[in-house]
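The values are calculated or read from the model by the stated rules, or taken from the named source; none is laboratory data. These numbers were taken from a predicted model, which means no experiment stands behind them. All Cβ positions, glycine included, derive from the backbone under ideal geometry; neighbour counts span all protein chains shown. The accessibility values were calculated without ligands, DNA or RNA, using every heavy atom of the protein model including side chains. Shrake-Rupley method; radii C 1.70, N 1.55, O 1.52, S 1.80 Å.
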Amino acid sequence: MKITIIGTGYVGLVSGAVFADWGHEVVCLDIDEEKIKKIKEGVMPIYEEGLEELVTRVQDNGSFKATTNYKMAVEHGELIFICVGTPSAQSGAADLNYVYQAAETIGKYLPENEYKIIITKSTVPVGTNNSVKKHVNKGAGDKKVDFDVASNPEFLREGNAIYDANNTDRVVIGSSSEKALGVLEELYSKLDAPIVKTDLASAELIKYAANAFLATKISFINEIAQICERTGADVKSVSHGMGLDNRIGPKFLNASIGYGGSCFPKDVEALYRTSSANFYDFRLLRGVMDANERQKFYFLEKLFEKYGTNLSNLTFGILGTAFKNDTDDVRKSPAIEVIRILRGSGLRMKIFDPAAMETAQEVLGNDYLEYMDSAADVFEGTDAVVILTEWKEFATLDYEALVKKMKSKVVFDGRNLLEPEDMKDMGVEYYAIGRSEAG
Ligand code: UDX
(Lines give C-alpha, C1' and ligand atoms only; values in the text may rest on other atoms or scores of the structure.)
Protein backbone atom coordinates (compact mmCIF):
# COMPACT_ATOMS: atom_id res chain seq x y z
CA MET A 1 0.00 0.00 0.00
CA LYS A 2 1.05 3.60 -0.45
CA ILE A 3 1.25 5.21 2.95
CA THR A 4 1.95 8.78 4.03
CA ILE A 5 2.85 9.74 7.57
CA ILE A 6 2.49 13.35 8.71
CA GLY A 7 4.80 14.08 11.64
CA THR A 8 8.04 12.27 12.46
CA GLY A 9 7.92 12.16 16.26
CA TYR A 10 7.97 8.86 18.16
CA VAL A 11 4.67 7.68 16.76
CA GLY A 12 5.12 8.81 13.17
CA LEU A 13 8.68 7.74 12.65
CA VAL A 14 8.25 4.34 14.29
CA SER A 15 4.96 3.60 12.51
CA GLY A 16 6.36 4.75 9.15
CA ALA A 17 9.50 2.64 9.47
CA VAL A 18 7.52 -0.41 10.59
CA PHE A 19 4.99 -0.08 7.71
CA ALA A 20 7.94 0.21 5.29
CA ASP A 21 9.45 -2.88 6.87
CA TRP A 22 6.17 -4.71 6.16
CA GLY A 23 6.74 -3.96 2.47
CA HIS A 24 4.61 -0.83 1.99
CA GLU A 25 5.74 2.30 0.16
CA VAL A 26 6.04 4.93 2.87
CA VAL A 27 6.58 8.68 2.70
CA CYS A 28 7.21 10.39 6.05
CA LEU A 29 6.67 14.13 6.14
CA ASP A 30 7.72 16.72 8.67
CA ILE A 31 7.67 20.49 8.38
CA ASP A 32 10.95 20.63 10.35
CA GLU A 33 13.66 20.64 7.67
CA GLU A 34 16.45 19.92 10.12
CA LYS A 35 14.67 16.78 11.35
CA ILE A 36 14.12 15.47 7.82
CA LYS A 37 17.72 16.21 6.85
CA LYS A 38 18.91 14.20 9.83
CA ILE A 39 16.58 11.28 9.12
CA LYS A 40 17.82 11.17 5.52
CA GLU A 41 21.37 10.94 6.87
CA GLY A 42 20.29 8.07 9.11
CA VAL A 43 20.50 10.18 12.30
CA MET A 44 17.36 9.78 14.42
CA PRO A 45 15.83 12.85 16.07
CA ILE A 46 14.91 10.63 19.05
CA TYR A 47 16.50 7.72 20.90
CA GLU A 48 14.57 4.52 20.35
CA GLU A 49 16.10 1.07 20.50
CA GLY A 50 16.64 -0.34 16.98
CA LEU A 51 15.09 2.64 15.16
CA GLU A 52 18.25 3.90 13.47
CA GLU A 53 19.04 0.47 12.02
CA LEU A 54 15.44 0.00 10.87
CA VAL A 55 15.16 3.43 9.22
CA THR A 56 18.55 2.99 7.51
CA ARG A 57 17.48 -0.38 6.16
CA VAL A 58 14.12 0.79 4.77
CA GLN A 59 15.67 3.95 3.33
CA ASP A 60 18.34 1.87 1.61
CA ASN A 61 15.81 -0.53 0.08
CA GLY A 62 13.73 2.40 -1.15
CA SER A 63 10.52 1.64 0.76
CA PHE A 64 10.83 4.67 3.06
CA LYS A 65 11.29 8.30 2.04
CA ALA A 66 11.53 11.32 4.33
CA THR A 67 10.41 14.67 2.96
CA THR A 68 9.24 18.20 3.73
CA ASN A 69 7.29 18.36 0.47
CA TYR A 70 3.64 18.35 1.57
CA LYS A 71 2.19 18.22 -1.94
CA MET A 72 4.22 15.17 -2.90
CA ALA A 73 3.49 13.48 0.43
CA VAL A 74 -0.29 13.96 0.21
CA GLU A 75 -0.43 12.87 -3.42
CA HIS A 76 1.57 9.73 -2.57
CA GLY A 77 -0.51 8.04 0.14
CA GLU A 78 -3.79 6.20 -0.28
CA LEU A 79 -3.58 6.10 3.50
CA ILE A 80 -2.52 9.33 5.19
CA PHE A 81 -1.72 9.03 8.90
CA ILE A 82 -1.72 12.14 11.07
CA CYS A 83 0.92 11.58 13.76
CA VAL A 84 1.66 15.13 14.92
CA GLY A 85 1.98 16.15 18.57
CA THR A 86 -0.96 16.96 20.82
CA PRO A 87 0.65 18.76 23.76
CA SER A 88 -1.34 19.90 26.80
CA ALA A 89 -2.74 23.40 26.42
CA GLN A 90 -2.64 25.79 29.41
CA SER A 91 -6.06 24.50 30.46
CA GLY A 92 -4.86 20.88 30.59
CA ALA A 93 -6.98 19.97 27.56
CA ALA A 94 -5.18 18.56 24.50
CA ASP A 95 -3.91 21.26 22.14
CA LEU A 96 -5.19 20.21 18.73
CA ASN A 97 -3.72 23.01 16.64
CA TYR A 98 -1.09 20.79 15.02
CA VAL A 99 -3.68 18.16 14.15
CA TYR A 100 -6.05 20.67 12.57
CA GLN A 101 -3.22 22.43 10.74
CA ALA A 102 -2.15 19.08 9.31
CA ALA A 103 -5.75 18.29 8.31
CA GLU A 104 -6.13 21.61 6.51
CA THR A 105 -2.84 21.26 4.68
CA ILE A 106 -3.76 17.71 3.64
CA GLY A 107 -7.04 19.13 2.29
CA LYS A 108 -5.14 21.80 0.38
CA TYR A 109 -3.05 19.22 -1.47
CA LEU A 110 -5.64 16.42 -1.87
CA PRO A 111 -5.88 15.53 -5.54
CA GLU A 112 -9.39 15.83 -7.00
CA ASN A 113 -11.60 12.74 -7.10
CA GLU A 114 -8.96 10.38 -5.75
CA TYR A 115 -10.10 8.30 -2.76
CA LYS A 116 -7.90 8.63 0.33
CA ILE A 117 -8.27 7.62 3.94
CA ILE A 118 -7.08 10.15 6.52
CA ILE A 119 -6.30 8.41 9.77
CA THR A 120 -5.47 10.02 13.08
CA LYS A 121 -2.89 8.16 15.14
CA SER A 122 -2.14 11.05 17.48
CA THR A 123 -4.04 10.74 20.75
CA VAL A 124 -7.01 13.05 20.31
CA PRO A 125 -10.09 13.67 22.47
CA VAL A 126 -13.44 12.20 21.57
CA GLY A 127 -14.99 14.11 18.69
CA THR A 128 -11.74 15.34 17.17
CA ASN A 129 -11.97 13.21 14.05
CA ASN A 130 -15.24 14.82 13.08
CA SER A 131 -13.43 18.14 13.25
CA VAL A 132 -10.52 16.67 11.26
CA LYS A 133 -13.01 16.01 8.48
CA LYS A 134 -14.20 19.63 8.59
CA HIS A 135 -10.63 20.95 8.51
CA VAL A 136 -9.71 18.75 5.54
CA ASN A 137 -12.76 20.07 3.70
CA LYS A 138 -11.84 23.62 4.66
CA GLY A 139 -8.33 23.13 3.25
CA ALA A 140 -9.75 21.57 0.07
CA GLY A 141 -11.98 24.59 -0.59
CA ASP A 142 -14.00 24.17 -3.79
CA LYS A 143 -12.13 21.09 -5.00
CA LYS A 144 -14.06 17.83 -5.36
CA VAL A 145 -12.32 15.58 -2.87
CA ASP A 146 -13.10 11.99 -1.94
CA PHE A 147 -11.93 10.85 1.49
CA ASP A 148 -12.92 9.12 4.70
CA VAL A 149 -11.55 9.77 8.16
CA ALA A 150 -10.59 7.07 10.64
CA SER A 151 -9.09 6.80 14.10
CA ASN A 152 -6.28 4.33 14.76
CA PRO A 153 -4.75 5.10 18.16
CA GLU A 154 -1.25 3.83 18.90
CA PHE A 155 -0.26 1.94 22.03
CA LEU A 156 3.51 2.15 21.62
CA ARG A 157 5.67 2.33 24.70
CA GLU A 158 8.80 4.40 24.39
CA GLY A 159 11.83 2.14 24.46
CA ASN A 160 9.78 -0.79 23.12
CA ALA A 161 8.06 0.99 20.27
CA ILE A 162 9.26 -1.17 17.37
CA TYR A 163 8.52 -4.36 19.26
CA ASP A 164 5.10 -3.02 20.26
CA ALA A 165 4.26 -2.02 16.66
CA ASN A 166 4.93 -5.61 15.55
CA ASN A 167 3.48 -7.36 18.59
CA THR A 168 0.57 -5.25 19.74
CA ASP A 169 -2.08 -6.79 22.02
CA ARG A 170 -4.78 -5.34 19.75
CA VAL A 171 -5.38 -2.98 16.87
CA VAL A 172 -8.13 -0.40 17.25
CA ILE A 173 -9.71 1.19 14.19
CA GLY A 174 -12.71 3.46 14.20
CA SER A 175 -14.61 4.89 11.26
CA SER A 176 -18.12 5.37 9.98
CA SER A 177 -16.94 4.09 6.59
CA GLU A 178 -16.97 0.33 5.98
CA LYS A 179 -14.57 0.89 3.08
CA ALA A 180 -12.01 2.63 5.31
CA LEU A 181 -12.36 -0.05 8.00
CA GLY A 182 -11.77 -2.73 5.36
CA VAL A 183 -8.56 -1.14 4.03
CA LEU A 184 -7.17 -0.65 7.52
CA GLU A 185 -8.10 -4.19 8.48
CA GLU A 186 -6.10 -5.41 5.48
CA LEU A 187 -3.11 -3.26 6.47
CA TYR A 188 -3.01 -4.83 9.93
CA SER A 189 -3.97 -8.35 8.88
CA LYS A 190 -0.32 -9.41 9.02
CA LEU A 191 -0.31 -8.96 12.80
CA ASP A 192 -1.32 -11.79 15.05
CA ALA A 193 -3.64 -9.56 17.08
CA PRO A 194 -7.37 -9.00 17.44
CA ILE A 195 -8.66 -6.03 15.45
CA VAL A 196 -11.31 -3.96 17.18
CA LYS A 197 -13.46 -2.29 14.53
CA THR A 198 -15.67 0.36 15.97
CA ASP A 199 -17.06 3.85 15.55
CA LEU A 200 -14.86 6.95 15.64
CA ALA A 201 -15.78 8.11 19.14
CA SER A 202 -15.21 4.69 20.73
CA ALA A 203 -11.82 4.30 19.06
CA GLU A 204 -10.79 7.73 20.30
CA LEU A 205 -11.97 6.92 23.82
CA ILE A 206 -10.31 3.47 23.99
CA LYS A 207 -6.88 5.10 23.95
CA TYR A 208 -7.68 7.51 26.77
CA ALA A 209 -9.49 4.89 28.82
CA ALA A 210 -6.56 2.47 28.50
CA ASN A 211 -3.93 5.02 29.51
CA ALA A 212 -6.06 6.40 32.33
CA PHE A 213 -6.62 2.88 33.63
CA LEU A 214 -2.88 2.12 33.62
CA ALA A 215 -2.20 5.42 35.38
CA THR A 216 -4.88 4.47 37.91
CA LYS A 217 -3.10 1.19 38.54
CA ILE A 218 0.14 3.05 39.29
CA SER A 219 -1.53 5.60 41.57
CA PHE A 220 -3.39 2.78 43.29
CA ILE A 221 -0.23 0.88 44.15
CA ASN A 222 1.44 4.13 45.19
CA GLU A 223 -1.37 4.76 47.65
CA ILE A 224 -1.12 1.17 48.86
CA ALA A 225 2.60 1.87 49.41
CA GLN A 226 1.60 4.66 51.79
CA ILE A 227 -0.53 2.22 53.77
CA CYS A 228 2.41 -0.21 53.77
CA GLU A 229 4.70 2.41 55.28
CA ARG A 230 2.17 3.13 57.99
CA THR A 231 1.44 -0.51 58.86
CA GLY A 232 4.76 -2.28 58.35
CA ALA A 233 3.61 -4.18 55.23
CA ASP A 234 5.85 -4.50 52.18
CA VAL A 235 4.45 -3.13 48.91
CA LYS A 236 6.50 -5.57 46.81
CA SER A 237 4.81 -8.52 48.51
CA VAL A 238 1.44 -6.83 48.29
CA SER A 239 1.72 -6.11 44.55
CA HIS A 240 3.04 -9.62 43.93
CA GLY A 241 0.13 -11.14 45.80
CA MET A 242 -2.39 -8.88 44.07
CA GLY A 243 -0.91 -9.32 40.61
CA LEU A 244 -1.23 -13.11 40.70
CA ASP A 245 -4.98 -12.68 40.42
CA ASN A 246 -5.29 -12.79 36.65
CA ARG A 247 -8.14 -10.34 36.72
CA ILE A 248 -5.61 -7.82 38.08
CA GLY A 249 -2.33 -8.92 36.48
CA PRO A 250 1.19 -8.15 37.67
CA LYS A 251 2.05 -5.26 35.35
CA PHE A 252 2.01 -1.57 36.25
CA LEU A 253 2.03 -2.34 39.95
CA ASN A 254 5.49 -1.00 40.76
CA ALA A 255 5.32 1.68 43.42
CA SER A 256 7.41 4.69 42.40
CA ILE A 257 7.87 8.43 42.62
CA GLY A 258 4.98 8.61 40.15
CA TYR A 259 4.25 8.24 36.46
CA GLY A 260 5.53 10.76 33.92
CA GLY A 261 6.29 10.97 30.22
CA SER A 262 4.61 12.46 27.23
CA CYS A 263 1.45 10.33 27.51
CA PHE A 264 0.08 9.47 30.93
CA PRO A 265 0.03 12.92 32.58
CA LYS A 266 -1.32 14.56 29.44
CA ASP A 267 -3.87 11.87 28.61
CA VAL A 268 -5.27 11.53 32.13
CA GLU A 269 -5.70 15.27 32.34
CA ALA A 270 -7.25 15.51 28.88
CA LEU A 271 -9.75 12.75 29.73
CA TYR A 272 -10.68 14.61 32.88
CA ARG A 273 -11.24 17.74 30.79
CA THR A 274 -13.37 15.81 28.31
CA SER A 275 -15.53 14.52 31.13
CA SER A 276 -15.88 18.00 32.66
CA ALA A 277 -16.71 19.48 29.27
CA ASN A 278 -19.49 16.90 29.07
CA PHE A 279 -20.81 17.88 32.51
CA TYR A 280 -19.42 14.87 34.33
CA ASP A 281 -17.02 15.15 37.24
CA PHE A 282 -14.74 12.11 36.88
CA ARG A 283 -13.69 12.16 40.55
CA LEU A 284 -11.67 8.96 40.40
CA LEU A 285 -9.34 10.55 37.84
CA ARG A 286 -8.89 13.60 40.04
CA GLY A 287 -7.69 11.23 42.75
CA VAL A 288 -5.32 9.51 40.34
CA MET A 289 -3.71 12.81 39.31
CA ASP A 290 -3.59 14.05 42.87
CA ALA A 291 -1.93 10.87 44.17
CA ASN A 292 0.63 11.04 41.38
CA GLU A 293 1.51 14.62 42.21
CA ARG A 294 1.84 13.85 45.93
CA GLN A 295 3.94 10.75 45.45
CA LYS A 296 7.23 12.56 44.81
CA PHE A 297 6.68 14.78 47.83
CA TYR A 298 6.18 11.74 50.10
CA PHE A 299 9.52 10.53 48.80
CA LEU A 300 11.20 13.90 49.34
CA GLU A 301 9.78 14.11 52.86
CA LYS A 302 11.97 11.15 53.88
CA LEU A 303 14.98 13.08 52.71
CA PHE A 304 13.98 16.39 54.29
CA GLU A 305 13.17 14.59 57.54
CA LYS A 306 16.72 13.33 57.68
CA TYR A 307 18.57 16.44 56.55
CA GLY A 308 16.20 19.36 57.06
CA THR A 309 15.28 21.61 54.17
CA ASN A 310 18.58 23.41 53.82
CA LEU A 311 20.78 21.03 51.85
CA SER A 312 23.44 23.54 50.83
CA ASN A 313 26.30 21.79 52.61
CA LEU A 314 25.59 18.41 50.98
CA THR A 315 26.31 16.68 47.65
CA PHE A 316 24.12 13.81 46.42
CA GLY A 317 24.56 11.36 43.58
CA ILE A 318 21.53 11.08 41.29
CA LEU A 319 20.80 7.95 39.25
CA GLY A 320 18.32 8.68 36.49
CA THR A 321 16.73 11.67 34.83
CA ALA A 322 14.50 10.00 32.18
CA PHE A 323 10.80 9.54 32.95
CA LYS A 324 11.39 5.77 32.79
CA ASN A 325 14.08 3.32 31.67
CA ASP A 326 15.23 2.74 28.08
CA THR A 327 14.52 6.25 26.84
CA ASP A 328 16.22 9.64 26.63
CA ASP A 329 12.87 11.35 27.16
CA VAL A 330 12.62 13.70 30.13
CA ARG A 331 9.21 15.16 29.35
CA LYS A 332 7.17 15.33 32.56
CA SER A 333 9.83 13.22 34.20
CA PRO A 334 9.29 12.93 37.96
CA ALA A 335 13.09 12.61 38.21
CA ILE A 336 13.57 16.09 36.75
CA GLU A 337 10.96 17.51 39.10
CA VAL A 338 12.67 15.94 42.12
CA ILE A 339 16.07 17.28 41.01
CA ARG A 340 14.59 20.78 40.63
CA ILE A 341 13.12 20.69 44.12
CA LEU A 342 16.39 19.45 45.62
CA ARG A 343 18.31 22.17 43.83
CA GLY A 344 15.86 24.66 45.27
CA SER A 345 17.06 23.53 48.70
CA GLY A 346 20.64 24.31 47.78
CA LEU A 347 21.74 20.71 47.13
CA ARG A 348 24.66 19.99 44.80
CA MET A 349 24.23 16.88 42.68
CA LYS A 350 26.32 14.52 40.57
CA ILE A 351 24.02 13.14 37.91
CA PHE A 352 24.04 10.12 35.63
CA ASP A 353 21.52 8.61 33.24
CA PRO A 354 22.44 5.99 30.61
CA ALA A 355 20.56 7.81 27.81
CA ALA A 356 19.01 11.05 29.07
CA MET A 357 22.06 13.19 29.88
CA GLU A 358 21.81 15.68 27.02
CA THR A 359 18.05 15.99 27.24
CA ALA A 360 18.32 16.51 31.01
CA GLN A 361 21.05 19.13 30.63
CA GLU A 362 18.86 20.98 28.12
CA VAL A 363 16.07 21.42 30.67
CA LEU A 364 18.15 21.66 33.86
CA GLY A 365 21.25 23.58 32.79
CA ASN A 366 24.39 23.35 34.94
CA ASP A 367 23.71 25.24 38.17
CA TYR A 368 24.54 23.02 41.17
CA LEU A 369 24.74 20.01 38.83
CA GLU A 370 27.64 17.96 37.56
CA TYR A 371 26.98 15.50 34.73
CA MET A 372 29.01 12.31 35.19
CA ASP A 373 30.27 9.65 32.76
CA SER A 374 29.06 6.59 34.62
CA ALA A 375 26.75 5.41 37.37
CA ALA A 376 29.80 4.61 39.51
CA ASP A 377 30.93 8.26 39.42
CA VAL A 378 27.87 9.49 41.31
CA PHE A 379 28.91 7.58 44.43
CA GLU A 380 32.31 9.24 44.69
CA GLY A 381 32.41 11.31 47.91
CA THR A 382 28.65 11.93 48.04
CA ASP A 383 26.44 12.18 51.14
CA ALA A 384 23.62 10.10 49.64
CA VAL A 385 22.62 8.49 46.36
CA VAL A 386 19.08 8.90 45.03
CA ILE A 387 17.62 6.51 42.43
CA LEU A 388 14.99 8.25 40.31
CA THR A 389 14.61 6.15 37.13
CA GLU A 390 14.05 2.38 36.87
CA TRP A 391 16.97 1.54 34.54
CA LYS A 392 17.77 -2.17 34.86
CA GLU A 393 21.47 -1.42 35.14
CA PHE A 394 20.87 0.59 38.32
CA ALA A 395 19.51 -2.57 39.96
CA THR A 396 22.63 -4.57 39.20
CA LEU A 397 25.44 -2.15 40.08
CA ASP A 398 28.13 -3.42 42.43
CA TYR A 399 26.68 -1.59 45.43
CA GLU A 400 28.94 -3.41 47.87
CA ALA A 401 31.97 -1.71 46.31
CA LEU A 402 30.31 1.54 45.30
CA VAL A 403 28.85 2.54 48.67
CA LYS A 404 32.36 2.36 50.13
CA LYS A 405 33.26 5.35 47.95
CA MET A 406 30.52 7.47 49.52
CA LYS A 407 31.01 9.97 52.31
CA SER A 408 28.13 8.30 54.12
CA LYS A 409 26.28 5.17 53.07
CA VAL A 410 22.76 6.47 52.42
CA VAL A 411 20.54 5.43 49.50
CA PHE A 412 17.08 6.79 48.63
CA ASP A 413 15.45 4.44 46.14
CA GLY A 414 12.53 6.11 44.33
CA ARG A 415 11.92 3.04 42.16
CA ASN A 416 12.24 0.13 44.61
CA LEU A 417 15.07 -1.36 42.56
CA LEU A 418 17.05 -2.67 45.53
CA GLU A 419 16.34 -4.99 48.45
CA PRO A 420 16.24 -3.53 51.97
CA GLU A 421 17.88 -6.68 53.38
CA ASP A 422 20.86 -6.46 51.00
CA MET A 423 21.34 -2.81 51.78
CA LYS A 424 21.21 -3.50 55.51
CA ASP A 425 23.91 -6.15 55.09
CA MET A 426 26.11 -3.59 53.37
CA GLY A 427 25.59 -1.15 56.22
CA VAL A 428 23.56 1.20 54.04
CA GLU A 429 20.87 3.43 55.49
CA TYR A 430 18.21 2.64 52.89
CA TYR A 431 14.96 4.43 52.12
CA ALA A 432 12.46 3.16 49.54
CA ILE A 433 8.74 3.39 48.82
CA GLY A 434 6.36 1.26 50.86
CA ARG A 435 9.02 -1.26 51.92
CA SER A 436 8.75 -2.64 55.42
CA GLU A 437 12.41 -2.67 56.40
CA ALA A 438 13.20 0.60 54.65
CA GLY A 439 13.67 3.81 56.57
C1 UDX B 1 2.46 4.81 27.65
C2 UDX B 1 1.56 3.59 27.37
O3 UDX B 1 2.10 2.43 28.03
C4 UDX B 1 1.43 3.36 25.88
O5 UDX B 1 0.53 2.29 25.63
C6 UDX B 1 0.90 4.64 25.29
O7 UDX B 1 0.65 4.52 23.94
C8 UDX B 1 1.86 5.80 25.57
O9 UDX B 1 1.98 5.92 26.97
P10 UDX B 1 5.07 5.31 27.79
O11 UDX B 1 4.70 6.75 28.01
O12 UDX B 1 6.16 5.00 26.83
O13 UDX B 1 3.79 4.49 27.24
O14 UDX B 1 5.47 4.73 29.22
P15 UDX B 1 5.05 3.52 30.18
O16 UDX B 1 6.00 2.41 30.02
O17 UDX B 1 3.62 3.19 30.06
O18 UDX B 1 5.34 4.23 31.61
C19 UDX B 1 4.68 5.43 31.97
C20 UDX B 1 5.15 5.95 33.30
O21 UDX B 1 4.67 5.15 34.37
C22 UDX B 1 6.66 6.03 33.51
O23 UDX B 1 7.00 7.24 34.16
C24 UDX B 1 6.98 4.84 34.39
O25 UDX B 1 8.14 5.04 35.17
C26 UDX B 1 5.73 4.80 35.26
N27 UDX B 1 5.44 3.48 35.82
C28 UDX B 1 5.11 2.42 35.01
C29 UDX B 1 5.43 3.30 37.20
O30 UDX B 1 5.70 4.23 37.97
N31 UDX B 1 5.09 2.07 37.72
C32 UDX B 1 4.77 1.02 36.92
O33 UDX B 1 4.47 -0.05 37.46
C34 UDX B 1 4.78 1.19 35.53
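Among the residues of the stretch 114-135, those identified as modelled with pLDDT of 95 or more and open to solvent by 50 Å² or more (accessible area, probe 1.4 Å) are 114, 115, 133, 134.
Among the residues of the stretch 403-423 satisfying the criterion of being surrounded by 15 or more Cβ atoms within 10 Å (Cβ to Cβ) and among the basic types (Lys, Arg), which is nearest to the chain's Cα centre (by Cα)?
415
Within the bounds of the stretch 162-182, is there any residue that is assigned to a helix (DSSP H, G or I), small (Gly, Ala, Ser) and touching a Phe, Trp or Tyr at 6+ places or on another chain (Cβ under 7 Å)? No, the conditions are met nowhere in the stretch 162-182.
Return yes or no: is residue 335 within 16 Å of the ligand (Cβ to nearest atom), part of a helix (DSSP H, G or I) and open to solvent by less than 20 Å² (accessible area, probe 1.4 Å)? In short, yes. Among the residues here, residue 268 qualifies as β-branched (Val, Ile, Thr), closer than 23 Å to residue 89 by Cβ and within 16 Å of the ligand (Cβ to nearest atom).
Of everything in the stretch 383-402 that is part of a loop (DSSP other than H, G, I, E, B) and closer than 16 Å to residue 255 by Cβ, the residue that is most open to solvent (accessible area, probe 1.4 Å) is 390.
Against the numbered list (1) free of Cβ contacts under 8 Å to residues at least 24 places away in the same chain; (2) out of contact with any helix residue (DSSP H, G or I) (no Cβ under 8 Å at 6 or more places or on another chain), residue 59 comes up short only at (2). If you filter the stretch 224-237 down to residues that are in contact with a helix residue (DSSP H, G or I) (Cβ under 7 Å, 6 or more places away or on another chain) and within 13 Å of the ligand (Cβ to nearest atom), you find that the one that is farthest from residue 263 (Cα to Cα) is 235.
Listed by first and then second residue, the pairs linking a residue in the stretch 101-113 that is under 13 Å from residue 141 (Cβ atoms) to a residue that is assigned to a loop (DSSP other than H, G, I, E, B), with Cβ atoms under 8 Å apart and 6 or more places separating them unless they lie on different chains, are 107/141; 107/145; 108/141; 110/143; 110/145; 112/143; 112/144; 112/145. Output yes when any residue across the stretch 66-79 is in contact with a strand residue (DSSP E or B) (Cβ under 6 Å, 6 or more places away or on another chain), surrounded by fewer than 20 Cβ atoms within 10 Å (Cβ to Cβ), within 20 Å of residue 154 (Cα to Cα) and not β-branched (Val, Ile, Thr), and no when none is. Yes, because at least one residue in the stretch 66-79 is in contact with a strand residue (DSSP E or B) (Cβ under 6 Å, 6 or more places away or on another chain), surrounded by fewer than 20 Cβ atoms within 10 Å (Cβ to Cβ), within 20 Å of residue 154 (Cα to Cα) and not β-branched (Val, Ile, Thr). Residue 267 passes every criterion in (1) farther than 29 Å from residue 14 by Cα; (2) surrounded by 15 or more Cβ atoms within 10 Å (Cβ to Cβ) apart from (1).
Against the conditions (1) in contact (Cβ under 8 Å) with a residue 24 or more places away in the chain; (2) over 30 Å from residue 230 (Cβ atoms), residue 389 satisfies every one except (2).
Exactly one residue out of 131, 122 is closer than 22 Å to residue 184 by Cα, more than 16 Å from the ligand (Cβ to nearest atom) and among the polar types (S, T, N, Q), and it is 131. Looking only at residues in the stretch 183-206 that are among the hydrophobic types (A, V, I, L, M, F, W, C) and in a strand (DSSP E or B), the one that is surrounded by the most Cβ atoms within 10 Å (Cβ to Cβ) is 195. Screening residue 56 with (1) open to solvent by less than 40 Å² (accessible area, probe 1.4 Å); (2) farther than 22 Å from residue 103 by Cα gives one miss only, at (1). In the set 315, 309, 327, 274, which member is under 23 Å from the mean Cα position of the chain (by Cα), away from the ligand (no atom under 16 Å from the Cβ) and polar (S, T, N, Q)? Among 315, 309, 327, 274, only 274 is under 23 Å from the mean Cα position of the chain (by Cα), away from the ligand (no atom under 16 Å from the Cβ) and polar (S, T, N, Q). Going by the conditions given, is residue 93 small (Gly, Ala, Ser), in contact (Cβ under 8 Å) with a residue 12 or more places away in the chain and touching a strand residue (DSSP E or B) at 6+ places or on another chain (Cβ under 8 Å)? Spelling it out, it is not the case that residue 93 is small (Gly, Ala, Ser), in contact (Cβ under 8 Å) with a residue 12 or more places away in the chain and touching a strand residue (DSSP E or B) at 6+ places or on another chain (Cβ under 8 Å).
Annotation: of all residues in the stretch 250-264 being open to solvent by 20 Å² or more (accessible area, probe 1.4 Å) and without any contact (Cβ under 8 Å) to a residue 40 or more places away in the chain, the one that is farthest from the ligand (Cβ to nearest atom) is 250.
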